[in-house]
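Please read the structure below before turning to the comments.
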Amino acid sequence: MTRLSEWALTRRALLRSTGAAAVATTIAAGAAGCAKKPSKLAIVHTNDTHGHDLLDEESLGLAAAAQLRTDYEAQGYEVLLLDAGDFAQGDNLVNRSQGDAAIDFMNVAGYQASCLGNHEFDFGQDKIEDYRTQAEFPLLSCNVVVDATGDTLVEPSATLTLAGGTKVGIVGVTTPETLTSASPLLIKGLTFIEGEELYGVVQGQVDSLRSQGCELVVCLAHLGESEHAAPNRAMDLVANTTGIDLIIDGHDHEEEDQLVKNAAGEDVLVVETGCHTHSVGVVTWEDGAFAAQLESSGSYEGQDAAVAAHIQEVADDVYAELGEVIATSDYLLDAERNPGIRTHETNMGDLVADAIMWEAQQMADDTPDCTIVNAGGIRQSLEPGQITMGDVLNVLPFTNYVCTIQVTGAQLLEAIEASCSATPDEMGAFPQVNGISFTVDTRNAFESGGTYPGSTYVCPANPGSRVTIHDVGGRGFDLDDTYTISSIDFLCAGGDTYYVFADAATTTMKTIGYLQSDCLVYYLQEACGGVVPEEYADPAGQGRVEVIV
């Protein structure tokens, strides 16, 4: 039996390749013995669950992952249940407890390790300590370092000893994109190691695990394969290290099953399930060879009854609380990622920007000229019909407060040029706006001026080379003019690609005291009378942003 219902944690200092002290976790279960390869091992894995932990029409939920573990144990496999991050934030099922419910569900399902994803930071560093304390499994990341101590924020690696004595080493890696996808206010005092230094840190952990007798080394890598994430993709990590047998990836919400050559020219399997438990992955290891498959919603029907009942009980309470109807809509409100809200203007983007502008016009000391919100903060489309409080919080799950700042036209142009650097490809920074009109001509190549300090995103070498701003607040546009922008504290503080706003925020940022989700509720109820107006009928929006391909 390999489910780790009883486990011991042993902390010991290791020397990271960077020279700073780190921490490792050893988990022991079952009979002790000489390290040897299991005859049959199955690794059941998830990533980017984002609170979609309950069975529904699109998601298998965590009870399916728990049942798959049981299924494979019945076939004579030793089984590990692992996650590659972004479990704490997303659906209201976990958001209402700021991620605590996610840890509870993973405990009940029998998870044995997870890495930290970027969204584990959405509720602050103190919550990560809460997760670590509550979890009956190690939370891992070898590349997030506390500046004040030089130690990793959580354990960098773990050793799992199976019932037959085989040791499996687990290394956790968190995307350096957390620097820009999380609020600067929430990750203050942390360093996210990246690039060549990241490869060295991971190699140091792998070598240490091998020296401890680990027969297999698995990397839980919340990195993804998006081109803009280079050199911090899973494939980059594989190509610059040796000794990793398997990477379970996450972050970009893609399904993945590929072999990548490591630094020694050996094949390393990289797998990912997509997101939201649409699928649960299984990697089997027999006779020294891996095989990967996905069990998908609609085809796999297994559910661990006890796990399902526990999650359903919590869900009933949460969804009853959030069932209040806020408004009705005759239209699909589009927040799909790609193509959608991260590639062009959409009616959902317009609606959110309008709601923030409406609230800011009433409450802000300085009347804003325009509103900018990042598409990556708008997380769910809404079908025609009733819109509940729960729907609003699924659309806008982050605790971002609405603020105003004052910027020059030059700063505004730089911010929009940077936020459209990947256009027409998907990018979470893509601006959804009110009170501003602009064109992005993607026939012109984006000109990079390097990366912003402390960021993984590029700054534009020549703002205006692809973006033309036509009007701001009905005043035209001038590089030397000053404009008041309403947005969210995440962007005003320089988050995502909006680094140029950070300087202005130090002297001009004013918080109006409402969450962006509050603004949407009040706008729908008071300004729209509880009915989404016809002006939002077109999913492509109202013509505020033109993308030329």
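The label point for residue 468 and the one for residue 133, both projected 7 Å from the Cα toward the Cβ, are 5.7 nm apart. Computed over the chain, the per-residue total of -39500 (n - 2.57) for DSSP H runs of n ≥ 4 gives a 222 nm mean residue ellipticity of -7000 deg cm²/dmol, rounded to 500. Residues 310, 344 in ascending order of nearby Cβ atoms (within 10 Å, fewest first): 310, 344. Relative intensity of segment 393-454 on a log10 scale, I(q)/I(0) at q = 0.13, 0.17, 0.25 Å⁻¹, equals -0.47, -0.80, -1.33, per a Debye sum over C-alpha point scatterers of equal strength in the absence of solvent. Give me the distance between the Cα centres of segment 290-350 and segment 177-197, rounded to whole Å. Taking the Cα centre of segment 177-197 as reference, the centre of segment 290-350 is 28 Å away. Working note: Debye formula, equal point scatterers on the alpha-carbon atoms of segment 200-350, no solvent; log10 I(q)/I(0) at q = 0.08, 0.14, 0.19 Å⁻¹ is -0.37, -0.92, -1.19.
The residues packed around residue 302, meaning those with a beta-carbon under 11 Å from its beta-carbon, carry a net charge of -3 if Lys and Arg are +1 and Asp and Glu are -1. Dipole magnitude for the chain: about 1920 debye, using +1 per Lys or Arg Cβ and -1 per Asp or Glu Cβ, origin at the Cα centre. Taking the C-alpha atoms only, the angle from helix 125-134 to the longest principal axis of the chain is near 30 degrees. Using the Cβ atoms and a cut-off under 13 Å, what net charge is assigned to the surroundings of residue 195, where Lys and Arg are +1 and Asp and Glu are -1? Computed value for this residue: -4.
Summing Lys and Arg as +1 and Asp and Glu as -1 over all other residues whose Cβ lies under 12 Å from the Cβ of residue 371 gives a net charge of -3.
Each peptide in 453-463, 530-540 receives the mean, over its residues, of other Cβ atoms within 10 Å, and ordering these scores from highest gives 453-463, 530-540. Packing, as the average of other Cβ atoms within 10 Å across residues, places the peptides 438-450, 117-129 in the order 117-129, 438-450, highest first. Between the Cα long axis of helix 62-74 and the first principal axis of the chain there is an angle of about 20°, rounded to the nearest 10. Highest-first packing order for the peptide set 43-51, 507-515 is 43-51, 507-515, based on the mean count of other beta carbon atoms within 10 Å. Counted over the chain, the DSSP beta bridges are approximately 65% antiparallel. For segment 114-263, the gyration tensor built on C-alpha atoms gives an oblate shape. Its axis ratio a/c (a ≥ b ≥ c) is at least 1.5, and a/b is not larger than b/c. Compute the helix-to-body angle for 305-321: its Cα long axis versus the longest principal axis of the chain, expressed 0 to 90° and rounded to tens. With rounding to tens, the tilt is 20 degrees.
Values in this text are rule-based calculations from the coordinates and carry no lab data. Note that this is a predicted model, so its numbers are computed, not measured. Quick reminder, even Gly has a Cβ in these numbers, built from the backbone with ideal geometry, and neighbours come from all protein chains shown.
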